[in-house]
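Notes for the one structure printed next.
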Amino acid sequence: MPAYIHHHEVEMAPVICPGCVGLLPMYVRDVEPHWSMAKIDFVYECADCGAELRQTLPKPVH
């Protein structure tokens, strides 16, 4: 996992699975930086149904 994930100061809201009725938040399965390193893709996965959700965020500026 890239080091900048551990050092960001932005608090991320929990992602709830849109496919199941479970109230458990999805967990981050993978983190993929874009080739320009300006954006980061977070890949979430649901522990109940296995659904996958991708969220692209700009890299935090320090």
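All of the numbers you see were taken from the coordinates with simple rules; none came from a lab. These numbers were taken from a predicted model, which means no experiment stands behind them. Quick reminder, even Gly has a Cβ in these numbers, built from the backbone with ideal geometry, and neighbours come from all protein chains shown.
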Exercise. Quick one: net charge of Glu32's neighbours, Cβ under 11 Å, K/R +1, D/E -1?
Worked result: +1
Problem set entry | Förster-model FRET efficiency, 30 Å R0, Trp35 and Val15, C-beta, rounded to 0.05 | 0.75
For this session: May I ask for the net charge around Pro18, where only other residues with Cβ less than 15 Å from the Cβ of Pro18 are counted and Lys, Arg are +1 while Asp, Glu are -1?
Result: -2
For this session: Please list the non-local residues whose amide H lies under 5 Å from the amide H of Ala47, H modeled 1.01 Å from N, same-chain partners needing a gap of 5 or more.
Result: Tyr27
For this session: Pull out a ≥ b ≥ c, the square roots of the eigenvalues of the alpha-carbon gyration tensor of segment 17-58, then state rounded if a/c is under 1.5, prolate if not and a/b is larger than b/c, and oblate in the remaining case.
Result: prolate
